[in-house]
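Each value in this text was obtained by applying a stated rule to the coordinates, not by laboratory testing. Bear in mind the structure is a predicted one, so any value in this text is a computation, not a measurement. For neighbour counting, all protein chains shown are included, and Cβ atoms are generated from backbone atoms with ideal geometry for every residue, glycine included.
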Amino acid sequence: MLRIVSLNLNGIRSATSKGVWDWVAEESPDVLCVQELKAQAADLDAAMRAPAAMGGSDGHFHFASKKGYSGVGLYARRTPERVITGFGVAEFDDEGRYVEADFGELTVISLYLPSGSSAPERQEAKFRFLDCFRLHLAELRASGREIVICGDWNIAHQEIDLKNWKGNLKNSGFLPEERAWMSTLLGEAGWVDVYRTLHPDATDECYTWWSNRGQARAKNVGWRIDYQIATPGIAAQALTARVYKEIRFSDHAPLIVDYDGGIA
């Protein structure tokens, strides 16, 4: 079995203080993808760089140039044959949003897609990212490799992916253009939403993010914006997919998927 976990940490130091590594040790993933490190290399202690919960192997990171902002990481029990940081677009590579690792015939990617909620300028940046990343996704598919892209995509695809969909039709994360982009990704582009394939009708239990306002988490007024998006071959090997909510490490919850087989 191959277990892949994705989690937006909303600060690796904050999540560490809340016991995230004890939980990782219990779940024992083969690959752990994390987003929103909000840290630089010098901010990580040995336990964050090479956690014992992941067998003590060094993590692989893409840090943002701006301090305390963005950043992604990928930890694996097996040493990858190749690691790539960034996907070749300077504007977004400067923000630390992409790390890719190859294990035999499988590629796993940790991704943090921009949010457009803070200002109109950031929404325009998000649209630019979507345009650029569409081309990169096509290149990944053309490689012929099996690929799992884990992360915070900052888009709720369908009405069942968030609680108050009617009130968010004009808000970033549920805009028609964003949802159409996701539909194309999961349609003609040939990618698979692993969780939704296994749980086609899931609603409240599928949420992975809650606002810090208005007791959203206590009331489960959430959004499903964290995904494992995969090529069809590896997606067909998915056995189980679940969102862990018992302990809160950040404003996101971990997404855990078990796949048949291992890292070949």
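Remarks
- Note on the chain: dipole from Cβ charges, positive end direction compared against Gly19, Gln215, Ile109; the farthest Cα belongs to Gln215.
- Using the Karplus relation 6.51 cos²θ - 1.76 cosθ + 1.60 with θ = phi - 60°, the per-residue 3J(HN,Hα) values for the stretch 182-189 come to 5, 4, 5, 4, 8, x, 5, 6 Hz, with x marking Gly and Pro.
- Averaging 1/r across all pairs of distinct Cα atoms in the stretch 97-147 and inverting the result yields a Kirkwood radius of 12.3 Å.
- For the stretch 73-78, 3J(HN,Hα) per residue [Karplus equation, 6.51 cos²θ - 1.76 cosθ + 1.60, θ = phi - 60°, Hz, x = Gly/Pro]: x, 9, 10, 8, 6, 9
- Averaging the Cα positions of each part gives two centres, and for the stretch 157-205 and the stretch 49-95 these lie 27 Å apart.
- Extension gain from Lys245 to Thr203, taking 0.36 nm per residue of separation minus the Cα-Cα distance: 13.7 nm
- Going from the residue with the fewest nearby Cβ atoms within 10 Å to the one with the most, Leu7, Leu113 rank Leu113, Leu7.
- The chain: calculated mean residue ellipticity at 222 nm from DSSP helix runs of at least 4, using -39500 (n - 2.57): -6500 deg cm²/dmol
- Lys, Arg +1 and Asp, Glu -1 on Cβ, resulting dipole of the chain about Cα centre, debye, nearest 20: 720 debye
- Per-residue Cβ neighbour counts within 10 Å put His136, His60 in the sequence His136, His60, beginning with the fewest.
- Thr240 long-range amide H proximity, modeled H, under 5 Å: Asp258
- Ranked Thr231, Thr16, criterion: other C-beta atoms within 10 Å, fewest first: Thr16, Thr231
- Partnerless cysteines, meaning none of the other Cys C-beta atoms lie under 4.7 Å away, in the chain: Cys132, Cys206
- Take every DSSP beta bridge whose two residues both sit in the chain; close to 75 percent of them are antiparallel.
- Rounded to the nearest Hz, the phi-derived 3J(HN,Hα) couplings of the stretch 135-146 under the Karplus curve 6.51 cos²θ - 1.76 cosθ + 1.60 (θ = phi - 60°) are 5, 5, 4, 5, 5, 4, 4, 5, 5, x, 7, 7, where x marks glycine and proline.
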